[in-house]
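Q: The following block contains the structure, expressed as structure tokens.
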Amino acid sequence: MHIPASDQTFTLTIDGLPVEGASTFDVTNPSTGQILTAAPQCSDEQLDQAVAAARGAFPAWAALPVERRRQYLRTMADTIDTHTEMLADLVVQEQGKPRSIARAEVAGLGYWLRATADIALADTVNQDDEERRSITRHVPLGVVAAITPWNYPLGQASFKLGPALLAGNTVVLKPSAFTPLANLKLGEILRDVLPAGVLNVITGTGGLGSRLTSHPGFNKISFTGSTQTGRTVMASAAATLARVTLELGGNDAAIVLPDVDVKQVAAQLFWAAFANSGQICLATKRLYVHADIYDDLARELAELAAAVTLGDPAQDDSVELGPVSNRRQYQTVLDLLNDCRDQGYTFLCGGLPDPETAGYFIRPTLIDNPPDSARIVREEQFGPVLPLLKYTAITDAIARANSSEYGLGASVWGADTEAAHQVAQQLQAGTVWVNESMHLHPQVPFGGHKQSGIGVESGLAGLLAFTNTQTLTIKHPQPTA
Ligand code: NDP
């Protein structure tokens, strides 16, 4: 199903109602570079209204038995499932990913909501005797600002909505202005599912994000985005001591041991780096390959890169890679490619695109063993460019992999899984995989070490991050002597 975004209407969701923006802003189709449609711009006044609606809805929502909120999450999932094609189509148009991946993203939203609904949030009995009863429980924080990036517009929301709502909070969701449309429709289809004010969805340019994080009405800021913005968010939250969870940038290293089956591992590594055109926080962004297999693996990867189909996923369902998702990110990746060219590094495939090409397309590009000081090694490319880095001693590979301000994910690839496990234990990252990458599960926490973030999402730990810990102590009457 394909309905052009320009044929649809988009409204904010505030207090359970459709709200026109104070004005509009343009949303661009990354496959063409042309304006897709206009989205509603949330004014300061409307932001206040959204926060007031969430504050107003909070007491009743928090007072519901948790079992009732679990049921709400499941109904949300059922409703989303019935709109999979519509939501996926919008993700394709505004974000530029292949339709099959967009469908999986929508399915993942439902899956995450259902799995989150099943997470137990138990009280702890600290003491229960003649003297006193002491219980530690987890109470909601209040109103949550959920701020998400453009790479997985609905996927990123899925990590926040389920746990925030299950814990008893109400939410103001602000997706990226590059990809507002699917989230606006999400708000629309959930208007009849959730009580008014429990979920508000607002969009806008011109610093709407920073207006959220400096708004005194939030008790928690759950932010996913770049490390640079994350620092600003944290500073902003200091004013009210709003709780923060920061899921930030990464520069994930993969280390390939010499005993791998090169052909088999090449396909896995290719998609670990280039799925969604490299625009995944946990994508492989630096590939350390043992010298014995370096040339073979480089050749296999280059062949895969040459064979992959690149195109506009709204026009062709068989496209395997879409464009870079917006002009800003496209410029970032071009800047890195220009630097690689200027420094004289070897391109094994891909390279700078033809400037006459419409849309933000860059073919998957492999850079042949640049120095560790290269920008393409040190910086997060968040696009379809991968440096291959040669090593001989595993201690050297581990030290180089760890030599980064980032620590989001990492992976180790080897036939001897015990040896690979030994290497994995020495990597500084929030999630380290052996012989796979990017596998996430709603009941398993993930988050960044170092400057890749603070706190975790998903799992019990991710749910607890949307609560305050409260200890209740009841002193029993004591018999008089
Ligand atoms: P940005 O940091 O630019 O933006 C993220 C979100 O924050 C957007 O909604 C943005 O709105 C908003 N925003 C921008 N400036 C501010 C501000 N000063 N205060 C509050 N909010 C603000 O990141 P990108 O959208 O470019 O996303 C890419 C980055 O996200 C990469 O670094 C990537 O690694 C990281 N990321 C991390 C993940 C993780 O789980 N650790 C997962 C996915 C991505 P607007 O777009 O409208 O400006």
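Please treat every number below as a calculation from the coordinates, not as lab data. The model shown is predicted, which means the values in this text are computed figures rather than measured ones. As a convention, Cβ positions derive from the backbone with ideal geometry for all residues, glycine included, and neighbour counts pool all protein chains shown.
Q: Which stretch or stretches of the range 332-361 have amide N atoms under 20 Å from the point lying 7 Å from S226's Cα along the Cα→Cβ direction?
A: 332-340, 360-361
Q: Oh, and also: Need one word for the range 195-292: rounded, prolate or oblate. Basis is the Cα gyration tensor (sqrt eigenvalues a ≥ b ≥ c); a/c below 1.5 gives rounded, then a/b vs b/c decides. Intermediate results must be reported in sequence, preceding the final value.
A: On the way: a/c = 3.58, a/b = 2.61, b/c = 1.37.
Prolate.
Q: At 7 Å along Cα-to-Cβ for each site, give me the label-to-label distance between D261 and K390 in nm.
A: Spacing of the two 7 Å Cα→Cβ label points: 2.7 nm.
Q: D for the chain, whole µm²/s, Stokes-Einstein with Kirkwood Rh over alpha-carbon pairs at 25 °C and 0.890 mPa s: what number? Walk me through the intermediate numbers first.
A: Details: Rh = 23.4 Å.
Estimated via Stokes-Einstein, D reaches 105 µm²/s.
Q: Pairs of lysine in the chain with Cα under 22 Å and at least 8 positions apart or on different chains: total?
A: Pairs that pass both the separation and distance tests number 15.
Q: Right, another one. If I model a spin label as a point 7 Å beyond the Cα along the Cα-Cβ vector, how far apart are those points for L241 and D192 in nm?
A: Distance between the two pseudo-spin positions: 4.4 nm.
Q: Follow-up. Evaluate the distance, in nm, between pseudo-label points positioned 7 Å from the Cα of D339 and of R133 along their respective Cα→Cβ axes.
A: 6.1 nm
Q: Going by alpha carbons, how many degrees (0 to 90, nearest 10) lie between the helix axis of 99-117 and the longest principal axis of the chain?
A: Computed tilt is about 30 degrees.
Q: Next question, about the same structure. In whole Å, how far is the Cα centre of the range 64-139 from that of the range 324-364?
A: One Cα centre to the other: 38 Å.
Q: Which whole-number percentage describes the relative contact order of the range 253-434, with Cα contacts under 8 Å and a sequence gap of 6 or more? Can you show the working numbers first?
A: Values: 328 pairs, mean separation 51.4, N = 182.
Once normalised by length, the contact order is 28 percent.
Q: So, one more: Could you give each residue of the range 260-271 its phi-based ³J(HN,Hα) in whole Hz, using Karplus coefficients 6.51, -1.76, 1.60 with θ = phi - 60°, and x for Gly or Pro?
A: Along the range 260-271, the couplings run 6, 7, 4, 4, 5, 6, 4, 5, 5, 5, 4, 6 Hz.
Q: So, one more: Compute the normalised compactness of the range 253-434: alpha-carbon radius of gyration over 2.2 N^0.38 Å, N being the residue count.
A: 0.99
Q: Moving on. Provide the percentage of antiparallel DSSP beta bridges, counting only those with both residues in the chain; round to the nearest 5. If you can, show how the numbers build up before the last one.
A: Working: 32 of 71 bridges.
Bridges in the chain are about 45 percent antiparallel.
Q: Per the helix-only calculation at 222 nm, which mean residue ellipticity applies to the chain, given -39500 (n - 2.57) for every DSSP H run of n ≥ 4 and division by its residues, nearest 500 deg cm²/dmol? Walk me through the intermediate numbers first.
A: On the way: 15 runs with 180 residues, N = 481.
After summing the helix terms and dividing by residue count, I get -11500 deg cm²/dmol.
Q: Could you pull out every residue, at least 5 positions away or on a different chain, whose amide H is within less than 5 Å of the one on T24? Hs are placed 1.01 Å off N in the peptide plane, and Pro or chain starts have none.
A: Here the answer is Q41, since their amide H atoms fall under 5 Å of that of T24.
Q: Order these peptides, 161-173, 122-134, by their mean beta-carbon neighbour count within 10 angstrom, highest first. Present the calculation step by step, with values, prior to reporting the outcome.
A: Details: 161-173: 26.4, 122-134: 11.4.
Answer by packing, highest mean first, reads 161-173, 122-134.
Q: Using alpha carbons only, how many degrees (0 to 90, rounded to 10) separate the axis of helix 291-307 from the longest principal axis of the chain?
A: The answer is roughly 80 degrees.
Q: How much length is gained if the chain between D292 and L17 is pulled fully straight, taking 0.36 nm per residue apart and subtracting their Cα-Cα distance, in nm to one decimal? If you can, show how the numbers build up before the last one.
A: On the way: separation 275, 0.36 × 275 = 99.00 nm, distance 6.21 nm.
Residue separation times 0.36 nm, minus the Cα-Cα distance, leaves 92.8 nm.
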